[in-house]
Structure formats: C-alpha cells, structure tokens
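Heads up, the thing below is written out as structure tokens.
Computed from the coordinates by the stated procedures, all read-outs in this text should not be read as laboratory data. Only a predicted model underlies this, so the values are computations on that prediction, with no experimental measurement involved. Cβ atoms come from the backbone with ideal geometry, glycine included; neighbour counts cover every protein chain shown.
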Amino acid sequence: MKKNFKGLSLMSLVFTLLTNFVYAQTDSTEVASIYGFYSYSSSLMNASSASELTIQGNASHTSTGVQLTPASSGQFGGLFINGRTFTSVNGLHVEFEYEMKNGTALGGTFGDGLSFFLYDGAVASPTIGAPGAGIGYSYNRTKDTYASQRKAGLSGAYLGIALDEFGNFKSKRFQGDSRVNGIAGVTWSQSTSHVTLRGARGAAINTTGLGAGFTGYPVLVTRSTLSNTGTVGRILQADRSYLATSNTLASVFDLRNNAGEFRKVYLDLIPHFTSPTTTDGFDIKVDIQTTQNGTPTNIINYYHYKTSVPYTENANPQSSDFNASDTEGGATSQTLDATVPSVLKLGFAAATGAAFQQHIIRNVKLTLPYAAVANDDVTSTCKFQPVNIPVFANDIAYKGAISITTPPTGSNANIDYSTFSFTKSSDTDLTLYRKKVTPQGTWTYNKATGIVTFNPSSGFTGTATMTYTIKGRTVKDSNGKITEPYGDTAYRSVPATITVNLKTTGCIYSVISNKMVTQGVK
C-alpha cells in the first residue's frame, strides 16, 4: 500500500525518517553476466544521436520513432541496431511498437509492410535486402532487362519476420523483374495481412544467377491475421512441401492500424533443447497486442526453427538469369544451413510500391526470455513529507526451468530484493545503487522490505522521477549446474520509472509555535 504520510505528527515524522535512514542499504556490486548479455531499450524517438543506430535508404528519425518509410510510393528504408550485439545461447525476447497508416491502396490493399530481422553479429557493415516484396530481408533476382533491380538479400541473415500487409513476402515469383523462392500454387482465402517467417541466407548454388545472397531465405511459416476460416496459413515440412494450417486466433485484426489503434509485437526465441545439454535452433513465438492494456494475440506459436532446414529453390531459370529469357527451369531440392550465430544483431526494414503507407517503429526492448519485468509506479506526496513506494507490487521475476511445455512462472515473490538498483550509468555498470540524491530530493531503498522512500527537498515542486531495475534468483542443482539462471545480470529487467507528483491540495502540516515568555516587571 502506498503511503503519503498525511497528517503525521512531528514525532512520528521524525521517527519514520530515522527508521528509513537506519535501514536504507548502502551501494554494493554484482557479478558480471556469465552469458555476456545485457538488456537494451530505446524509445527511438528523436534518436538521431544514438551511436548504436544506423539508418539506411528513406528511413528518418522523428519525434514519434524511426520512420522507415513515408506514405509515398517506391520508398525503402532500414534501421540497424548495429552498435549492439547479443549472445544467442539463452535466446532472445523482443518488443516493439509500430504504425502502418495513411497512404494509398492498390486493389484495396496498402503496402508493403515492415520486417524485423536477426543477422550474424560478425557482420560489421550489414547491407539491407531487396525492396518491395522483399521488405529488406530476402533477395530479388531478374533477367538482364531488369538488371538494375537485382538485389542480394540481407547480409549475414539468420531470421526475418515480416508484418506483410500487401502479402507478397511469402510468395514464389518467376518473372522478368522478380525471381524469388516461396510458396506457390495456393489460392488464399486471405492473402494479405500475413505474419511470415523466412530463414537464413543460403549458400551459392551456381554462377548463372543463384550465387551468394540470391539463394536461401526460405519461407518457414506464414499466417494471416484477418480470419480464422479458409486458407489462411502454410508451414514448411521436412519433405520440403507446405502444409495447410488453420487459424485459432483469439481475435482477428488487420496488421495495419490506420485508425490509430495500438500495435505492439512480442517475439520470443527459446532455445530448443533436444537433451539437457544440446539444442537445435529455436522455438519461435510471435504475439501482437492490439489494445494498450489488452492481452496479446498469439500468431506464431513456438515454430521450431531447426539448424538444418530442407527447402526448395523453385524460381530457377532454364539456363541463366543473365540473358533476356523468361523460360523457367526445374526446382531443386536444397538444405539450408541455419546454424545459430554465436552473437546476433538486429534491425528493421520497410518498403512501399504502387501501394504505399507510412511505417514507423518505436519503444524497442531487448531482453532474454523470462528476464525480470519491472513496471512503472506513480504516487504523490505533500511538501516536506516523505513517501514510501512498494515498487515490487506490480513487478515479476521468473522461477522454474526454461521450457515451452512447462514455462517458468512469473510472480513478484520471485524477485530477489538484494538485486534492486536505482539508475545505472550504463548497461554494463555492475554497481547496485541503493541511494540517489537529486535536486528534487533523496531516494533510498530498503533491502529488507523492498520499499523505496522518496524524501523531497525543501525546494521540491512539480514532479520527481527515478528509474530502477531488478532480477530474480539463480538456482543450481546438487552438482552445481545452473538450472534456473534468473539471478544472472543478463536477466536484469529493463528500467522502470518511479514518478512522484507534488500534491497541492489535501495536505496537513504540523505547526510548531514558540511559546511566549513574559517576564515580570521589576
């Protein structure tokens, strides 16, 4: 329960201040992560000075996030968070908000969409993939007449996830100006508004068009968000065919949010364990939240992206791309090497064509799956009166082995009170800050109770804010092997903000009067 000390007597106020002073903890340090991972968050708003960000093409920094494309035709833009790498051993959890709005439709559909992708962290200067239907991830091959439109896929590509409004990202094409493998021969009930996963960059097959950067990137799974009936999805099988899938979405919706509806993507890559010590790629889960405080809708439910993926190159020329022929050749069976890079980087892209819309992303968060989650707290106090904030009331940490069949459980009871820290100087700062002094007042943390106390300064007016982070606990078995890693620094939450507003009404202050002493007249 939040307290604002309304109506405190002078003695009780002094007692409270002394109690918090005695039990407030001093700063300490924590151990560096054994996994080499540190969480990342950025609003992407007015972020042109952020050194870790690199934009390409028509992308630009704005006050509402990174605009990947404006609402005009033939646009193509990308964003790389190229200054940060992330170890892949424990998987990855990604959150971001987006907007796809305004523009002009073609045949009733806007385009094209946006992609989120992961690529090999060893690639120092990544090059974005093809525009248009490639949405910055896959490639585009052509015959000689359209040679200027040839474009290799994303360099070092490992995984691409498209929010494909127009619907072409999943499709096989073989025509003069566009040749790319994909799903063919399907009459879709809903061909638009698809969430589609494509795999890693393939190996060079020949010198007649299917060279490095122009093979692989196969469609793994696709699903429309518009309907639960009809032909709405496909998933790649071990025999290289695509199996029809049905939808059981909790709610159906358009990926596009032109009326200002909220859109937020949640992506989980969970290591797929084949034994207690061996993994085979990731289980991938994609959810999309369509209302500010609503439950996210699951779109892709733990697709197993293996390290070896049989697929078909089915957009091959009869002899070569490097001529004027439109004659298609036979498909070939291939096996994609999708070995997980030891470190990953990530980025975003968007494209428009004759159908176009504005694409914006913002509020990106990167953590490990099942990292602690700290949520913002807001309270108020009167002038000169301290306030206690039970910050853990709406926070969670996890407990239990990492598994998609029996996932860890989240609760504030799993938070390790000793891991709390106020604002850190950087993601790799190992100091645990238990006291912070600001012009607005003094912030202290009590490790025994989990309570933050804000004691306003005499000149405090308006609003005071402070950020904090938390972790869970590490558990080992009898042999010393880590079975629950949540106390590692890699599992520290992204910062949450405590806000204290100054109350201007309803305050009661103790009044101390100096007794008048009248001396007798002599």
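Data table
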read-out	value
Label selected from (1) 1.27; (2) 1.00; (3) 1.16, the criterion being Cα Rg over 2.2 N^0.38 Å as computed here	(3)
Linear extension gain, Thr483 paired with Thr279, 0.36 nm per residue minus alpha-carbon span	71.9 nm
In range of the label at Thr295: residues from the range 227-261 whose backbone nitrogen is under 20 Å from the point 7 Å along Cα→Cβ	227-229, 247-254
Segments 29-39, 127-137 sorted - mean Cβ within 10 Å per residue, highest first	127-137, 29-39
Spacing of the two label points (7 Å from each Cα toward its C-beta) at Asp177 and Ser380, in nm	6.0 nm
The range 166-207 - Kirkwood radius from inverse mean 1/r over Cα pairs (Å)	12.2 Å
Chain lengthening between Thr245 and Asn258 when straightened (0.36 nm per residue, less Cα-Cα)	1.9 nm
Taking Trp188, Trp443 and counting other C-beta atoms within 10 Å, the order from fewest to most	Trp188, Trp443
Helix-derived mean residue ellipticity, 222 nm - over the chain, DSSP H n ≥ 4, -39500 (n - 2.57), to 500	-1000 deg cm²/dmol
Spin-label pair Val475/Thr145, simplified geometry with 7 Å Cα→Cβ offset, distance in nm	6.5 nm
Antiparallel DSSP beta bridges within the chain, percent to nearest 5	95 percent
Centre separation in Å (Cα based) which lies between the range 151-217 and the range 340-409	30 Å
Exposure proxy order (Cβ contacts within 10 Å, fewest to most) of His194, His359, His272	His272, His194, His359
For the range 465-506 and the range 115-149, distance of Cα centres in Å	39 Å
Residue-count net charge about Thr222 - beta-carbon cut-off 11 Å; Lys, Arg +1, Asp, Glu -1	+3
Sorted by Cβ neighbour density within 10 Å, fewest at the top, the residues Phe322, Phe96, Phe166	Phe322, Phe96, Phe166
Lysine pairs in the range 270-386 with Cα atoms under 23 Å, if 8 or more residues apart or on separate chains	5
